[in-house]
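Heads up: the structure comes next, in structure tokens.
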């Protein structure tokens, strides 16, 4: 997986974390991100927002791009700017369907809660909480980037 280790550092300076496509590794990465975000003068609510988006993204990569393959790896990169937290996630798993970002399923308020599907809302959550979401597949590498608009305070 040599191509993954250099891409995020070139594309997004800042801290990067290698994350295996496994539940434990994802949980550990989220704890590490939470710790580092805590040093960036963000509120607890802002940190939780970033964490929710990252959890959805990383679980999608693990479940869909790698189908929970034990050797699947993603590289997570984060950088704080005045516009928020810029995030990149790269992996060498399967591409997005039709090489496009999913829209995410919308809730139908007329459906009784016990009849609602258990999943399928991850991309809806990501799109509600993140900005400038983009996806590119190049040379067998999925590249997802987005911004979470937190931490910026007008002067």
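Bear in mind that the values in this text are calculations on the coordinates, not laboratory data. This structure is a prediction, so every number in the text was calculated from the model and none was measured. Backbone-built Cβ (ideal geometry, glycine too); neighbour counts: all protein chains shown.
Mind checking the full-extension length gain between residue 34 and residue 125? Use 0.36 nm per residue of separation minus the Cα-Cα distance, one decimal, nm.
Numbers: separation 91, 0.36 × 91 = 32.76 nm, distance 1.88 nm.
Length gained, residue 34 through residue 125: 30.9 nm.
Simple spin-label model, 7 Å along Cα-to-Cβ: residue 81 to residue 110 in nm?
It is 4.3 nm.
Could you give the length gained by full extension between residue 99 and residue 23, i.e. 0.36 nm per residue of separation minus their alpha carbon distance, to one decimal place? The partial results should precede the final answer.
Working: separation 76, 0.36 × 76 = 27.36 nm, distance 2.52 nm.
Length gained, residue 99 through residue 23: 24.8 nm.
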